[in-house]
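Please read the structure below before turning to the comments.
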Amino acid sequence: GAGVSQSPSNKVTEKGKDVELRCDPISGHTALYWYRQSLGQGLEFLIYFQGNSAPDKSGLPSDRFSAERTGGSVSTLTIQRTQQEDSAVYLCASSLFGTDTQYFGPGTRLTVL
Amino acid sequence: GESVGLHLPTLSVQEGDNSIINCAYSNSASDYFIWYKQESGKGPQFIIDIRSNMDKRQGQRVTVLLNKTVKHLSLQIAATQPGDSAVYFCAENRGRNAGNMLTFGGGTRLMVKP
């Protein structure tokens, strides 16, 4: 079956612009996660959704970052007024509620000039 | 604080040899660990997991060992193949009360020489 998909695969933007990153989880998966992977770094947790609710937003780096999920499916991560330090690969993962295995998408590579 | 880390950033092995990738963790309450493989330009791919009530778990050509006494786990890959070349991450699952959030180590790059 189809895995987790993310779009766009690459995004180049200018400092100060807003960007939206999209994640389509595996069909039927109720939990959805966003992670960030900076150059030479490991993966950093950002936020997760159970259904449409985000119980824990503590991983978001600043108030310029926000995320939403509608219909228990697609999620959008929005970064406002992008900064060069926001450049990274943004990864999305999903899992079935009650199970622990997270399946990752291919990521969106964001470059802020 | 809690951390999950790796001992070696790069491991180079000959094709056909066995590979061992190590990971240390600091939270003695950690009870679920996962190994992921990440190839260039792709997202992490689940390899194998282990819970704290086990010391060893085997998959296809892979084995994960967990030593709770020294808070260490390892991933063993038998008969390493060129397709195994990738970055390997260990991750700690924070549990269902934390939404199964993963905390990742820094990664080890495995290079397989033909």
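Where a number appears in this text, it was derived from the coordinates with a stated rule and is not lab data. Owing to the predicted nature of the structure, the values given are computational and were not obtained by experimental measurement. Note: ideal-geometry Cβ built from the backbone for every residue, glycine included; neighbour counts use all protein chains shown.
At-a-glance table
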read-out	value
Within a Gaussian network of chain B (alpha carbon springs, distance under 10 Å), most fluctuating of B:Val13, B:Val70, B:Val87	B:Val70
Relative contact order, percent, the range B:4-113 [alpha-carbon distance under 8 Å, six or more residues apart]	38 percent
Chain A, relative contact order [Cα under 8 Å, separation at least 6], %	37 percent
Point-charge dipole on Cβ atoms (K/R +1, D/E -1) for chain B, about Cα centre, debye to 20	160 debye
Residues A:Leu21, A:Leu96, B:Leu65, sorted so that the one with the fewest Cβ neighbours within 10 Å comes first	A:Leu96, B:Leu65, A:Leu21
Most mobile of A:Tyr103, A:Tyr35, A:Tyr90 in a GNM of chain A (Cα contacts under 10 Å)	A:Tyr103
R0 of 25 Å, Cβ-Cβ distance A:Asp100-A:Leu39: FRET efficiency to nearest 0.05	0.30
Cα-centred dipole magnitude for chain A, charges only on beta-carbon of K, R (+1) and D, E (-1), debye, nearest 20	200 debye
Over 24 Å between alpha carbons, listed pairs A:Lys11/B:Lys42; A:Lys17/A:Lys57; A:Lys11/B:Lys113; B:Lys37/B:Lys113; A:Lys57/B:Lys68	A:Lys11/B:Lys113; A:Lys57/B:Lys68
Sites B:Ser12 and A:Asp63, calculated FRET efficiency, Cβ-Cβ separation with R0 41 Å, nearest 0.05	0.40
Least to most buried among B:Glu92, B:Glu15 (fewest other Cβ within 10 Å first)	B:Glu15, B:Glu92
Whole-number D in µm²/s for chain B (Stokes-Einstein; Kirkwood sum over Cα pairs; 4 °C, 1.567 mPa s)	92 µm²/s
Förster-model FRET efficiency, 35 Å R0, A:Thr111 and A:Gln50, C-beta, rounded to 0.05	0.65
Contour excess over end-to-end distance, with Cα ends at A:Glu20 and A:Val74 and 0.36 nm allotted per residue	18.2 nm
Neighbour-count order for B:Asp84, B:Asp17, A:Asp100, fewest beta carbons within 10 angstrom listed first	B:Asp17, A:Asp100, B:Asp84
In the range A:31-92, the trypsin sites (Lys or Arg not before Pro) that fall in loop regions by DSSP, at most 14 other Cβ within 10 Å	A:Lys57, A:Arg64, A:Arg81
For the range A:5-112, with +1 on Lys and Arg beta carbons and -1 on Asp and Glu, the positive-most of A:Tyr90, A:Gln50, A:Gly28 along the dipole	A:Tyr90
Among B:Cys90, B:Tyr32, B:Phe46 - extreme Cα towards positive end, dipole of the range B:4-113, charges at beta-carbon	B:Tyr32
Gained length - B:Lys113 relative to B:Arg96, 0.36 nm times residue gap less alpha-carbon distance	2.1 nm
Average silhouette area of the range A:1-109, convex hull of alpha-carbon atoms, in square nanometres	6.6 nm²
Relative contact order, percent, the range B:21-79 [alpha-carbon distance under 8 Å, six or more residues apart]	33 percent
Cα-based shape type of the protein assembly as shown, given that a ≥ b ≥ c are square roots of the gyration tensor eigenvalues and the cut on a/c is 1.5	prolate
